[in-house]
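Q: My questions all concern the structure below.
The values are calculated or read from the model by the stated rules, or taken from the named source; none is laboratory data. Predicted model, so just to flag it, every value in this text is computed and none were measured. A quick note on method: Cβ atoms are made from the backbone with ideal geometry, for glycine too, and the neighbour counts reach across all protein chains shown. Note: accessible area is taken over every heavy atom of the protein model, side chains too, but ligands, DNA and RNA are not part of it. Shrake-Rupley method; radii C 1.70, N 1.55, O 1.52, S 1.80 Å.
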Amino acid sequence: MAFMGMTMTQKILAAAAGLDSVEPGQLIEAKLDLVLGNDITSPVAIHEMDRLSDDSVFDKEKIALVMDHFIPNKDIKSAEHCKCVREFACKHEITNYFDVGQMGIEHALLPEQGLTVAGDVIIGADSHTCTYGALGAFSTGVGSTDMAAGMATGKAWFKVPSALKFNLTGKPAKWVSGKDIILHIIGMIGVDGALYKSMEFVGDGIRYLSMDDRFTIANMAIEAGGKNGIFPVDDAAAAYMKEHSKCEYRVFEADEDAKYDAEYTINLSTLRPTVSFPHLPENAKTIDEVHQEIPEGLPIDQVVIGSCTNGRISDLRIAADILKGRKVKKNLRCIVIPATQAIYLQAMEEGLLKTFIEAGAAVSTPTCGPCLGGYMGVLADKERCVSTTNRNFVGRMGHVGSEVYLASPAVAAASAVTGMISSPEDLEVIK
């Protein structure tokens, strides 16, 4: 029997299931390399495990518990959640437990800690677990019950996804980043355009994308409905893993005759800084369209630079480059959140934090906080926020009457200076 050609994702899943071949729609049981939970989702999984006759974990090295959403604790309830996870981690001697002072935003922290590498199968009780596809892993978000089963057995059931192929060509212009690319793609295919499909990124344009760009793109695959996003393992990915991880990794490549539901070619050199308007990531507009449609400008109340999408060191460098020697607009709040302790420290050593504070921004310890309307930047009624986060649903960052505009760190920083949605190019005009 001749096997059908497989995509990169399908090959990883086949190997994890111990099968020679898989095809879209097939149900498989796959071995897991990592199970992730945070302070919001882990307690539910832990309570599920308490109901099992054997509540032991399959491998204390292959579970990561990251306290990041409401950390440091914002209230009694979040403190109780963290206490629950802390006690579970101590009881089972979980190696990769990250709490105040050592933690970071989970999807920035785990690659930095070397816990995610190419060829891995990773599940996490957080929708943006798809981030690790940037390294050539299959990673996807699951519910807390699946997390519990994963922690107990080291296995998970999957329906093998079909795939979409995105051929990235050309070199992005100066202020165009991974965030602009993925917002453009979501605007093109819609928030359900990749529903339960693997978004597979290929093409000669990838070599112009930093690992931080790729993490951002893979992170937001879920915002197009994707089961996962994944990149080939090139020299940049290999160098990143060599620097951060001691784990052995496995490189899988799509077959030449792999089947895709659709293929898209995107010339990165033609893209412009892009903003997603409320209340869906698919409402993408270029900065030129924004200026054309709203010539008087769209005033904003807050800017957030951070999150698992755009809180990495390159993001902070871009923002600091724009804010250096400038001031945050009067009566506007600008909040900067480095994604991990290591990034925070590096930003401090490079003088970036000084730049932010001198510009009039607030700098926070690592936390997801404002992204989910948790704390450290909750919005009031009718307030507008330009944010480097990944989701702008109704009420996402606070009041249901507030508005979130998704953008890159460059656009966010420029908007903080002007007080309305702007690109760094606008600052050059003002000067």
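Q: To the nearest 20 debye, what charge dipole does the chain have about its Cα centre, counting +1 at the Cβ of each Lys and Arg and -1 at the Cβ of each Asp and Glu?
A: So the dipole magnitude of the chain works out to roughly 940 debye.
Q: Of the listed values (1) 21.8, 65; (2) 20.9, 70; (3) 23.3, 81, grab the one calculated as Rg and Dmax of the Cα atoms in Å from the structure here.
A: Evaluating Rg and Dmax of the Cα atoms in Å on these atoms matches (2).
Q: If you don't mind, another one. Run through segment 2-101 and list the trypsin sites (Lys or Arg not before Pro) located in a DSSP loop whose Cβ has at most 13 other Cβ atoms within 10 Å.
A: Sparse-neighbourhood loop trypsin sites (Lys or Arg not before Pro): Arg51.
Q: Follow-up. Looking at the chain, what % of its DSSP beta bridges pair antiparallel, to the nearest 5?
A: Of all bridge pairs located within the chain, approximately 20 percent are antiparallel.
Q: Round to the nearest 10 and report in Å² the accessible area of Ser127, as given by a 1.4 Å probe over the protein chains' heavy atoms.
A: Around 40 Å² of this residue is reachable by solvent.
Q: Starting from the Cα-Cα distance between Lys330 and Asp261, subtract it from 0.36 nm times their residue separation and give me the gain in nm to one decimal.
A: In short, 19.9 nm is gained.
Q: For the pairs Lys165/Lys227; Lys165/Lys246; Lys171/Lys246; Lys74/Lys285, note any where the Cα-Cα span goes beyond 23 Å. Kindly include the intermediate steps, with their values, before the conclusion.
A: Values: Lys165/Lys227 14 Å; Lys165/Lys246 31 Å; Lys171/Lys246 32 Å; Lys74/Lys285 35 Å.
Cα-Cα > 23 Å for Lys165/Lys246; Lys171/Lys246; Lys74/Lys285; rest within.
Q: Taking a virtual spin label 7 Å from the Cα of Asp381 along the C-beta vector, which residues in segment 275-293 bring their backbone nitrogen under 16 Å of it?
A: The answer is none.
Q: State, to one decimal in nm, how far the label point of Ala173 lies from the label point of Glu358, with both points 7 Å from Cα in the Cβ direction.
A: Result: 3.0 nm between the two label points.
Q: Using only the alpha-carbon atoms of segment 297-429, report the extent along each of the three principal axes, biggest first, to the nearest angstrom.
A: 39, 35, 21
Q: Under a cut-off of 20 Å between alpha-carbon atoms, report the lysines in cross-link reach of Lys330, not counting same-chain residues fewer than 8 places apart.
A: Cα-Cα hits under 20 Å: Lys354, Lys382, Lys431.
Q: Quick one: Cα centre-to-centre distance for segment 133-186 and segment 203-279, in angstrom?
A: After rounding, the separation between the Cα centres reads 8 Å.
Q: A further question on this structure: How much net charge surrounds Val404 when only the other residues with a Cβ under 15 Å from the Cβ of Val404 are counted, with Lys and Arg +1 and Asp and Glu -1?
A: On the way: positive: Lys179, Lys285, Arg333, Lys382, Arg384, Arg391, Arg396; negative: Glu223, Glu282, Asp301, Asp381, Glu383, Glu403.
Combined, the nearby Lys, Arg, Asp and Glu give +1.
Q: Could you check which residue among Ile335, Ile28, Ile230 shows the biggest mean-square fluctuation in a GNM of the chain with a 10 Å Cα cutoff?
A: Looking only at Ile335, Ile28, Ile230, the biggest GNM fluctuation is shown by Ile28.
Q: I'd like the distance between the alpha-carbon centres of segment 314-353 and segment 79-111, rounded to an integer number of Å.
A: So the separation of the two Cα centres works out to 26 Å.
Q: Let me ask something else about it. What value, in deg cm²/dmol to 500, does the helix sum -39500 (n - 2.57) over DSSP H runs of n ≥ 4 give at 222 nm once divided by the residues of the chain? Walk me through the intermediate numbers first.
A: Numbers: 15 runs with 139 residues, N = 431.
So the calculated ellipticity at 222 nm is -9000 deg cm²/dmol.
Q: Given a 1.4 angstrom probe, what's the average accessible area per residue across the chain, in square angstrom?
A: Details: 17130 Å² over 431 residues.
Computed with neighbouring chains in place, this is 40 Å² per residue.
Q: On to the next question. Would you mind counting up the charge near Gly101? Only other residues with Cβ under 14 Å from its Cβ, with Lys and Arg at +1 and Asp and Glu at -1.
A: Here the count lands on -1.
Q: Something else now. Which angle between 0 and 90 degrees, to the nearest 10, do you get for helix 313-323 versus the longest principal axis of the chain when only C-alpha atoms count?
A: 10 degrees
Q: Run the numbers for Cys90 and Glu349: contour at 0.36 nm per residue of separation, minus the present Cα-Cα distance, in nm.
A: Separation in residues times 0.36 nm, less the Cα-Cα distance, equals 89.9 nm.
Q: On the protein heavy atoms, probe 1.4 angstrom, tell me the percent of accessible surface of the chain carried by carbon and sulfur.
A: 51 percent
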